[in-house]
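Chemist: Take a look at this one; I'll ask things after.
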Amino acid sequence: MLLYFCQRVAYVVGIVLVVSLLIFSITQIMPGNVAYVILGDFAPLEQIHALEEKLGFNDPWYVQYWRWLSQIARLDFGDSLIMERPIGPILWQAVANSAVLAVISIVLVAVIGIWLGVVSAVRHGKASDHVVSIGTYIVLAVPEFFWCIVLIVVFAGSLQWLPATGYTSMDEGFFVWASHLVLPVVALVMGLVAHVSRLTRSSMLEVMQSPYVVAARARGIPEARVIRGHALPNALLPTITVLAIDIGVLMGGMVVVETIFSYPGLGRLLIFGIQQLDLPLIQAAMMVVAVIYALANLLADVLYAFLNPRIRFGKAAHG
Amino acid sequence: MRHTCSAPGDRDAPISAQPPGREGEILTLDGLSVRYGSGPSSLRALDKVSLSLPRGGALGVVGESGSGKSTLAMTLMGLLAGSARVDGGRAVFEGEDLYALSPAGWAGMRGRRIGLVFQDPFTALNPAKTIAHQLTEPLVLHRGLSETAARAEARRLLDEVGISDPDAMLSAYPHALSGGMKQRALIAAALAGDPDLLILDEPTTALDVTIEAQILDLLEALRAERQLSMIFISHNLGVIARVVDEVCVLYAGQVVETAPKAEIFAAPRHPYTKGLLASMPRLGAPRARLETIPGRLPDLTNPPEGCRFAARCPFAEDRCAAPQPMVSVGPGRESRCWKAVALGATPWTSAETAAPARARTVAADAPPALRADGVSKRFRRAGGVRVRIDRSGAIPVPRIGHSTFNAVDAVSLTVKAGETVGLVGESGCGKSTLARCLIRLIEPDGGAIALNGRDILKGRAADRRTIARTAQFVFQNPDSSLNPRKTVRQILARPLALLGEERPGTMDQRVERLLDMVRLSRAYMDRYPHEMSGGEKQRIGIARVLAAEPKFVICDEAVSALDVSVQASILNLLADLRDELGLAYLFISHDLSVVRHIADRVAVMYRGGIVEVGPASALGTPGHHPYTEALLSAVPSLDSRGAERMRLAGTVSAPGDGITGCRFADRCPRKIGPVCDTQAPPWRTGPEGVRFECHHTADALAG
Ligand code: SF4
Ligand code: SF4
């Protein structure tokens, strides 16, 4: 188990390094020279050269990469070119805001998705199964931003139940705070719930046909216990991996949802950076996304191992 | 479909209103039918099955695939899945009509009064739960025990089913256990509710033969001690013969014959039973050509009105087109065939034109098709990673080492042209690895291999294509080795194309020739694998191998997945092809009777090495390696032979590392003493030219 854990950690570190190289190189070839962004399009050439020299842009790429990486590793993200402030505090605030959204969403996705999946597997072929199936297909068939707009038009526009956009801090009261979260969370969660419930349903159906579940029934274990105690723990193994992958999907979705709902999170910050060609900001935001994603995968692997005795105790040499 | 009933003892009579649970019977099935699906495509898997089981009795249910035998097990447990349902008749268990039970009633039945042991121990235990959990759960639920009391009881149950270290077993997860241990645990779990009736659905099919023998011993003992009634379902007549008193033969969802065990094997009365028995290769019988049952199961969505076996029966007449009731053919015996009494002891004759059996002698000076010398293969042990400090250099460096084991340990083997060598051994002994090494599907670590006199490990002969032209491989499972999206024509054309243009005829003609060789009609050219039966698919698998015109063919469990009657016809086909084309075979199987039937010589493998080589005909006589002896006495046979059976304790040992003495020392019942552990035994020559590796002399072992 320890060995397995070390392997996974090493793997994750490797992935983050590769991704950091990618992020670094992508931003290197981005259109719009950094010096021009800082000094304006009409700056004299000597000033541009001087600034590039000062920023170290004339060093070989690996020197630049190393400098950048070691800064990032010290959580020193440098200054934003546009806002002319340190990126750190801005970034952390955005991460915190997004985290609120993400944590609520992923918990809801896990709970609702798994629950729906199990219910439709257990009622396989019955009306409730069909309703869930059709519902999930409809949700999955239409892209996220469409649901965002529908939600805004219906709940903020016509019904006026909820604010359409924006964010307030908790200080202004829990309900005001929460009311701003409802629509973005719903928009984020819909697609993923559909995805997770489809997957849980199919792995649950498969497990419920498996000999050990039939054997448990034959031992006279009541059906509810068979489902909870024998089928579900095994059916959840693939779901857990997918949940981790869905954290990545979730972060992609957050870029869209935060932009549409004007929610001041990491996704919107990233879009802002890209629009403004704010190189250090883009790099910082992307690195944070990559690290979160990698950690989510690590978590999934560890959880998977914990639920799967075959990995937890090492495979017996001969079964 | 109402049967005309006239014959005495006919139990197809219209069902009476009263549950007919007869005195002294624990279970009575009366006209029980089960249907899958609905509408015109529905299928009657069980058709008016009537059976009875006396209290404390043991009934064997024999059938091939499609007979409905597994459906029967699930029906009796009330666990029919999906669209299957009981659509007629009843099952009365201890006076209670099972299919009139409420869900609560079933809850009191399943696991408490009727237990079930499954076919495949490898998948029937929940991988995510400890054995303790799976055993105590029914104890807590059914017997109201506390957790601690349940654990103690689970321990006692494991002890009862012959687990030597119950405490270790309790805390283990299934993946850490061997197949035999798993099956014991499952039997213990089935006994947890203290049932009166135990249903065993192919309980030993997935196990090695020495382990199978242990489980059968256990079942016999349990039956005697607990006064259990048993229904033992299997395709294997030999296994059934060990445990039961009465046998019932199922064909296409109907009971076709019931009789006491001894009588049915000695004097079968229904033609299907005769055919089934005749197509079984047996250890004790002379190695003549096997009888077969030609044709295949009728379409159960639209079964014939009359005898369901008529299309395959050599005795069929016009009258067979009428529905057949069960007729009495002796005291306690019934058969679903009007001719059964008249036929009496008339033996089965397959309609297939029997080729004259040729006397097989392989010339002593025939050139070797395969010569392997000291072939070795090491594998990494899964999870066996160790970090060690390497101090050989100036500075100590940590190195990650993988512990390895000898899957194949310096094996030498020769197969002459035209000869068939059988390779037997239990799972994990390395026989499949060896076979794959021989044609370099796996790269051997050491040794020399020559095919047709050419070294395939070096030089020009070493390339894949050249090897493929001399040596080919027939796999166990035709299902997974045939591409489901290709027609037979496409499947066979590929290896033919490999041979290039040098062969005469168009591609279609060459495909036709291949189909002729495996006795399939040309109509099969455009079929897809799913449109064929298991036997037909295996024929295509063989045809594909023949396309390369090999001289040496490795058959790895090539008939193991097939029904007995189909297996016989494939064995005959393989033998014919060998004689026609002068092929040499390496025939790998766990089934000694099959190997003895087809092989000229037999090699026995244990823990990565060959421990005995000898003529196949010698397998019936004494004077063998103790392991061979144990294998032979573990084979279940119809004639209840062998009062003193030799039993191996423990499980099949893992292929070892650094075996210093005898490979078999850890399980050998004839072990001499420390000498077996420390000194490699010498090769001895016994009667009839059997050579084996043991410290005992051949005379001592024969005595
Ligand atoms: S009824 Fe006729 S076809 Fe059927 S088994 Fe008897 S003899 Fe053969
Ligand atoms: S050498 Fe010893 S342990 Fe090995 S088979 Fe012979 S008697 Fe048994």
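Chemist: If you check A:256, A:214, which single one turns out to be within 14 Å of chain B (Cβ to nearest Cβ) and either modelled with pLDDT of 85 or more or in a helix (DSSP H, G or I) (or both)?
Modeler: Answer to the check: A:214.
Chemist: Same structure, new question: Under 6 Å by Cβ, and 6 or more places apart or on different chains, what pairs join a residue from region A:262-283 that is within 13 Å of residue A:99 (Cβ to Cβ) with one that is of a type in the set (D, E, K, R)?
Modeler: A:265/A:258; A:267/A:258
Chemist: Further question: Out of all the residues in region B:678-694, which are more than 21 Å from residue B:210 (Cβ to Cβ) and either near ligand 2 (Cβ under 8 Å from one of its atoms) or not in a helix (DSSP H, G or I) (or both)? Give the derivation first.
Modeler: Let us first name the residues in region B:678-694 that are more than 21 Å from residue B:210 (Cβ to Cβ), namely B:678-680, B:682-689, B:691.
Those that are more than 21 Å from residue B:210 (Cβ to Cβ) and either near ligand 2 (Cβ under 8 Å from one of its atoms) or not in a helix (DSSP H, G or I) (or both): B:679, B:680, B:682, B:683, B:684, B:685, B:686, B:691.
Chemist: Does residue B:171 fit the bill of being of a type in the set (S, T, N, Q) and without any contact (Cβ under 8 Å) to a residue 24 or more places away in the chain?
Modeler: The answer is no for residue B:171.
Chemist: Can you pull out the residues in region B:623-655 that are buried (at least 16 other Cβ atoms within 10 Å of the Cβ), at pLDDT below 85 and either near ligand 2 (Cβ under 10 Å from one of its atoms) or within 14 Å of chain A (Cβ to nearest Cβ) (or both)?
Modeler: Once the filter is applied, which keeps residues that are buried (at least 16 other Cβ atoms within 10 Å of the Cβ), at pLDDT below 85 and either near ligand 2 (Cβ under 10 Å from one of its atoms) or within 14 Å of chain A (Cβ to nearest Cβ) (or both), region B:623-655 yields B:651, B:652, B:653, B:654, B:655.
Chemist: Being free of Cβ contacts under 8 Å to residues at least 12 places away in the same chain, more than 8 Å from chain A (Cβ to nearest Cβ) and either under 20 Å from residue B:232 (Cβ atoms) or of a type outside the set (Val, Ile, Thr) (or both) is true for just one of B:150, B:132, B:154, B:104. Which residue is that?
Modeler: When all the criteria are applied, what remains is B:104.
Chemist: When you scan region B:319-338, do you find a residue that is surrounded by fewer than 18 Cβ atoms within 10 Å (Cβ to Cβ), within 24 Å of the chain's Cα centre (by Cα), assigned to a helix (DSSP H, G or I) and away from ligand 2 (no atom under 16 Å from the Cβ), even just one?
Modeler: No, region B:319-338 contains no residue that is surrounded by fewer than 18 Cβ atoms within 10 Å (Cβ to Cβ), within 24 Å of the chain's Cα centre (by Cα), assigned to a helix (DSSP H, G or I) and away from ligand 2 (no atom under 16 Å from the Cβ).
Chemist: Only one residue in B:454, B:436, B:465, B:440 is closer than 28 Å to residue B:536 by Cβ and basic (Lys, Arg). Which one?
Modeler: Criteria check complete, one pass: B:436.
Chemist: A further question follows. Please return the ranges of strands (runs of 3 or more DSSP E) entirely within region B:188-274 where 3 or more residues are out of contact with any Phe, Trp or Tyr (no Cβ under 8 Å at 6 or more places or on another chain).
Modeler: Counting at least 3 such residues, we get B:229-234, B:246-251, B:254-260.
Chemist: Just one of B:95, B:66 is touching a Lys or Arg at 6+ places or on another chain (Cβ under 9 Å) and either of a type in the set (A, V, I, L, M, F, W, C) or away from every other protein chain (no Cβ under 14 Å) (or both); which is it?
Modeler: Sole residue among the options that is touching a Lys or Arg at 6+ places or on another chain (Cβ under 9 Å) and either of a type in the set (A, V, I, L, M, F, W, C) or away from every other protein chain (no Cβ under 14 Å) (or both): B:66.
Chemist: Restricting to region B:167-176, and then to whatever is within 12 Å of another protein chain (Cβ to nearest Cβ) and surrounded by fewer than 23 Cβ atoms within 10 Å (Cβ to Cβ), can you tell me which residue is farthest from the chain's Cα centre (by Cα)?
Modeler: B:171
Chemist: Let me ask you something else. Give the residue, chosen from B:259, B:213, B:241, that is touching a residue at least 24 places away in the same chain (Cβ under 8 Å), within 16 Å of ligand 1 (Cβ to nearest atom), away from every other protein chain (no Cβ under 14 Å) and touching a Lys or Arg at 6+ places or on another chain (Cβ under 8 Å). Outline the logic, then answer.
Modeler: Values: B:213 fails: within 16 Å of ligand 1 (Cβ to nearest atom); B:241 fails: within 16 Å of ligand 1 (Cβ to nearest atom).
After applying the criteria, what remains is B:259.
Chemist: Next question, about the same structure. Any idea which of (1) over 30 Å from residue B:560 (Cβ atoms); (2) at pLDDT 85 or above is the one residue B:95 doesn't satisfy?
Modeler: Here residue B:95 clears every test but (2).
Chemist: Moving to a separate point now. Tell me which residues, restricted to region B:108-127, are facing chain A (nearest Cβ under 7 Å), touching a residue at least 12 places away in the same chain (Cβ under 8 Å) and in a loop (DSSP other than H, G, I, E, B).
Modeler: B:111, B:112, B:118, B:120, B:124, B:125, B:126, B:127
The values are calculated or read from the model by the stated rules, or taken from the named source; none is laboratory data. Computed from a prediction, not measured in an experiment: that's the story for all the values here. Methodologically, a virtual Cβ is constructed for each residue, glycine included, from the backbone with ideal geometry; neighbour enumeration extends over all protein chains shown.
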